[in-house]
Every structure is written in structure tokens, then in C-alpha cells.
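Below you'll find the structure, written out as C-alpha cells, and then a few comments.
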Amino acid sequence: MLKNELFNNVVRDFNTGYWELHNNPDREVWSDQFYQNLGFEENEIEPNLDYFLTDLLHKEDIEVFRDNFFNYRNNNINFKQHIKVKTKDGEYKLFRCATNDELPVNIKAEINLVFFFEIKLEPEQDISKDNFYYKETAQMTATGSWYVDFKKKRSYWDFETRRILEYPDDYIPSLKDSANYYAEDCRQQAADCFFNCAMAGTPFNTEIKMVTANNRIFWVRAIGKAVYNENKEIIGIRGVFQDIDEIKTKELRLKKSLDIIASQNSRLFNFAHIVSHNLRSHTSNLSLLVQLIEDIDDPQEKIGLIKEIRQISYSLNTTIEHLNEIVAIHTNKDQEKKAVKFKDALQIVTNGIGQMIAQSKAQIKTDFSGLDEIDYIPAYLESIMLNLITNAIKYKHPDRDPTVELKAYEKDGKKFLKISDNGVGIDLKLFKDKIFGMYKTFHYNEDAVGIGLFLTKNQIESLNGTISVDSEVNKGTTFLIEF
């Protein structure tokens with residue numbers, strides 16, 4: 001017996017029987033109270049699982065209890081369920097079966113335990129109504145049950161799984177086509193979960209995207225565990241799906257909003273840094289030159305210093321123009337969006353840089369078959385294309401003519417524009433966190449300013465989009481824009 005005051009209180013107060021599970025998989029120690037609750041003496045029945053399954057447990061409960069028991073012993077997965085157990089007089093009593101962590105109190109046991117709480121039924125209560133309550137619960141929580149039978153090589157769904165996946169009531173699920181029930185980008189995740197569960201009995205509890213019969217992609221929580229036979233062999237997987245699409249969508253929106261806020265804070269910090277550092281640098285230089293001019297009597301020296309003032313003034317003006325552009329982006333983001341065709345926006349851009357394209361012998365290749373147009377601010381789309389195309393030409397590889405490829409497409413309800421080039425590329429190990437920073441340059445071109453990508457990112461994110469980059473030195477760069 002366990003020497004634990006809290007444990008003993010639970011047993012005494014709730015008239016509870018229990019099993020102690022020891023390292024020997026064939027050894028279970030049944031408590032005196034467990035025998036008493038069934039009306040047996042200790043020597044009248046065998047205290048082992050096989051006897052319990054074949055002689056005491058109601059046949060309707062054998063399969064689920066066996067699965068739960070083996071998952072608890074092998075994988076330490078706690079469980080609770082209702083079971084019916086035969087007493088000495090041949091009647092069945094209803095028990096709530098629960099393991100250590102499913103109790104309302106912490107008993108601090110050093111071994112695994114299975115408790116059997118007897119449930120006293122009122123005369124008018126009917127256990128056969130369980131199916132009705134199960135159906136009600138499944139519908140209210142949008143939770144469907146499923147089972148994969150390895151022996152029969154069949155898959156079984158309950159009514160709620162069919163409803164969630166939008167299949168008719170007479171639909172028979174197919175193991176052969178099971179991958180098609182999951183979104184394309186989640187099929188490997190599903191395969192890994194099922195393989196580990198089937199081979200090693202590893203349970204899973206994961207969020208994954210599924211596809212309905214009407215090709216609607218949505219989020220579910222998928223929970224599964226191995227099914228064992230009497231020889232402790234895994235013969236299937238049982239589990240549930242719960243539709244969590246609304247909650248998950250809100251969560252993803254919130255995460256995206258937080259990412260946008262973090263990005264905006266980063267840009268604001270960058271902006272403040274430029275204002276405080278660059279403008280102060282210019283004004284300090286101006287103040288110093290003015291002081292020098294006042295202290296110098298030689299007219300020629302004064303003329304030389306005035307030329308320097310002209311250069312500082314030009315730099316100051318350029319910096320202010322750049323800052324004004326950033327402010328203008330966020331001021332103009334509420335402009336009315338229009339349906340813009342990608343080919344029309346590109347035509348305006350190429351007309352404006354036709355001479356640059358011709359001199360560099362650049363090739364512009366397009367594929368807008370997957371997405372012809374988008375609702376956007378036309379000037380922004382043109383600016384984005386202009387910056388990325390001119391960058392591709394400026395930073396072309398010295399050994400080949402530049403090629404720029406633009407592809408627009410739609411995937412999973414999202415719209416994308418991919419712009420790739422075969423230029424010198426960017427070393428992402430060194431510069432990945434700086435690519436979209438203001439006044440950041442990664443090559444030694446004399447005309448590199450480091451403002452184009454910063455402005456492009458601001459334009460895209462001001463309309464709640466994202467831009468990412470993939471690049472390899474001497475091979476090229478690809479920018480992916482999600483609108």
C-alpha cells in the first residue's frame with residue numbers, strides 16, 4: 001500500500017478502488033477496495049489486465065480501455081473514461097476510470113495508478129443515453145472522431161467528422177487518398193504524425209490545415225493515439241478532429257498585427273535614428289563651417305569653405321527628401337485602391353527606364369497567367385517594380401547580361417509577386433537583417449544609396465503586405481511579395 005496521507009484521504013472519502021502499475025508489465029496490484037466494490041474476495045479473481053478485459057469489463061468498453069491503458073503504461077498518456085465492470089452477482093456497475101494527472105488533487109504518487117470511482121445511478125438514469133449526449137457534445141464543440149484500422153486497411157469517420165469535412169453522410173473515407181484531406185503544405189506534417197504513432201505508438205496533438213470536400217482550407221486540432229490488441233500490438237490509430245479555424249485565424253491575424261507593429265516600431269526607431277544622427281551630423285558640420293568662416297579673414301579660404309557648405313546643403317536636402325518620402329508613404333496609404341494589371345504597371349516602369357534596359361542588354365520575362373491584376377495603389381506597385389528591377393540591373397553579374405523574371409500568382413487565397421534576377425546576389429549570412437534598412441548598402445557601386453529597398457518595404461507593409469528575400473552570392477536574388 002502507498003504511504004501517502006493525501007492519497008489515503010482520496011481512497012477513504014470517495015470509496016475508491018485502484019490499481020498500482022509496477023515495472024513488470026504483467027503485474028498490477030489491485031487494492032482491497034477495488035475487490036470490495038465488485039463484491040469479490042481477493043482470491044476469487046485474477047489481478048491482471050487480461051482477466052479484467054475478458055471476464056470483468058463490458059465488451060463495449062474493452063477496446064477503448066485497452067488502448068488507453070497501453071498508452072498510459074507505454075507512453076505515460078493520462079486518461080479518463082467511463083466503463084462498466086461486472087460484479088460478483090453478474091450485474092454491471094458504472095465507474096469513472098482516471099489516472100494520476102486526471103484527478104482533481106495532486107496525490108504525489110511515485111508510481112502510476114489507475115483509479116475506479118463508482119458512479120451511483122439514479123433509477124431514472126439510462127446509460128444507453130450516452131450516445132445522445134456524445135452526439136450533442138460533438139456538435140457543440142465541432143469535434144469529430146475517426147479511426148484507422150491497419151488490419152482491415154480501412155478508415156472510419158463519425159457523423160461530425162463528415163460534417164466538418166463537408167462530405168455526405170454515406171461517404172466512405174479512403175486510406176489511399178488520405179493525403180488529400182490535408183492542405184498541401186501540411187501533408188508532410190500529417191505523414192510524420194501518423195507514421196510515428198503507427199510505428200512507435202507516439203501520440204500526437206497538433207494544429208494542422210485540412211481540406212474539405214468543397215476545397216475549403218481550414219484549421220483543425222488533430223489528436224490521435226495508437227490502438228492496441230490483446231498482444232500489445234498496434235493495430236490502428238484512433239483520434240479526434242476539432243474545427244478551430246475561427247480561433248486559429250484570429251490568432252494568426254493577431255500575430256500578423258503584432259509583427260506589423262514590431263516592424264513599424266523598428267522603422268520608427270530607424271527613422272528617429274536617421275533624423276537624430278544624420279540631420280545632427282549635417283547641422284553640426286554647417287555650424288562648424290560657419291564658425292570657421294567667421295574666424296577666417298582670407299577671402300579665398302572663405303570661398304573654399306562656402307563650396308563645402310553647398311555640398312553639405314545638398315546632402316541635407318537629400319536626407320530630408322528621403323525622410324519626406326517615408327512620411328508620404330504612411331500619409332498616402334489610405335489612398336483609394338484600384339484594379340491594377342501587372343502588365344500595365346510593368347509597361348509604365350519599362351518605358352521610364354527603357355534606356356537603362358537597352359544599355360545593359362537586360363531581359364525582362366513575365367508570367368502573370370496565375371494572377372492578372374490586383375487591387376492596389378498604382379503608384380506603389382509601379383514604385384515596387386521600379387526599385388527591384390533597377391536594382392537587378394545595377395547589380396548585374398559582370399559575366400552575364402541581366403535577366404529579371406516577374407511572376408504573379410495566387411495560392412491558398414493569398415496573392416504574391418515574385419521578382420528574381422541572375423545578378424551578383426547578396427550574402428545573407430552577413431546582411432540578412434540589414435537588407436531593408438535605411439542607408440544600408442551591400443555592394444561597392446558608386447551610385448548605391450541604400451534607400452530603395454527601405455522605401456519598398458515601407459510601401460508594402462503600409463498596405464499590410466510582407467516582403468522576403470532569398471539570395472545566393474554570384475547566382476542571383478529573389479524577392480517574394482505577399483500582398
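The values are calculated or read from the model by the stated rules, or taken from the named source; none is laboratory data. No experiment lies behind these values; they were computed from the predicted model shown. Every residue, glycine among them, receives a Cβ derived from its backbone with ideal geometry; neighbour counts consider all protein chains shown.
Please find, among Ser462, Ser468, the residue that is more than 23 Å from Pro398 (Cβ to Cβ) and at pLDDT below 80.
Ser462
Each row is one residue, and each column tells you yes or no for (1) assigned by TED's automatic domain parsing to the domain that holds Asn214; (2) at pLDDT 90 or above; (3) out of contact with any Gly (no Cβ under 8 Å at 6 or more places or on another chain).
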| site | (1), (2), (3) |
| --- | --- |
| Lys343 | no, yes, yes |
| Val349 | no, no, yes |
| Gly354 | no, no, yes |
| Tyr380 | no, no, yes |
| Thr390 | no, no, no |
| Val404 | no, yes, yes |
| Phe416 | no, yes, yes |
| Leu428 | no, no, yes |
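Cβ-Cβ below 8 Å, separation at least six or inter-chain, first residue in region 455-471 and outside any helix (DSSP H, G or I), second small (Gly, Ala, Ser): which pairs?
Ser471/Gly425
Check Trp30, Trp19 and return the single one that is closer than 26 Å to Asn74 by Cα, surrounded by 12 or more Cβ atoms within 10 Å (Cβ to Cβ), at pLDDT 85 or above and in contact with an Asp or Glu (Cβ under 7 Å, 6 or more places away or on another chain).
Trp19
Which residues, counting only those in region 48-62, are crowded, with 17+ Cβ neighbours inside 10 Å and part of a helix (DSSP H, G or I)?
Matches in region 48-62: Leu49, Phe52, Leu53, Leu56, Asp61.
Which of the numbered conditions does Asp344 fail, given that it passes all the others? Conditions: (1) part of a helix (DSSP H, G or I); (2) of a type outside the set (Val, Ile, Thr); (3) touching a residue at least 12 places away in the same chain (Cβ under 8 Å).
Going through (1) part of a helix (DSSP H, G or I); (2) of a type outside the set (Val, Ile, Thr); (3) touching a residue at least 12 places away in the same chain (Cβ under 8 Å) one by one, Asp344 breaks only (3).
For region 321-341, enumerate the residues that are surrounded by 12 or more Cβ atoms within 10 Å (Cβ to Cβ), aliphatic (A, V, I, L, M) and modelled with pLDDT of 70 or more.
Hit for region 321-341 is Val340, nothing else.
Just give me the residues in region 347-391 being acidic (Asp, Glu), outside any helix (DSSP H, G or I) and either under 13 Å from Ile419 (Cβ atoms) or touching a helix residue (DSSP H, G or I) at 6+ places or on another chain (Cβ under 8 Å) (or both), in sequence order.
Residues satisfying the conditions are Asp367, Asp372, Glu373.
Does Ile45 satisfy being surrounded by fewer than 19 Cβ atoms within 10 Å (Cβ to Cβ), without any contact (Cβ under 8 Å) to a residue 12 or more places away in the chain, within 29 Å of Pro203 (Cβ to Cβ) and in the same structural domain as Asn100 (by TED's automatic domain parsing)?
no
Specify which of the listed residues (Glu166, Glu160, Glu184) is surrounded by 15 or more Cβ atoms within 10 Å (Cβ to Cβ) and closer than 18 Å to Phe218 by Cα.
Of the residues listed, the single one that is surrounded by 15 or more Cβ atoms within 10 Å (Cβ to Cβ) and closer than 18 Å to Phe218 by Cα is Glu160.
Quick one: is Thr143 at pLDDT below 90 and crowded, with 16+ Cβ neighbours inside 10 Å?
Answer is yes for this residue.
Which of (1) within 40 Å of the chain's Cα centre (by Cα); (2) among the hydroxyl-bearing types (Ser, Thr, Tyr); (3) modelled with pLDDT of 90 or more is the odd one out, the single condition Thr87 does not satisfy?
(1)
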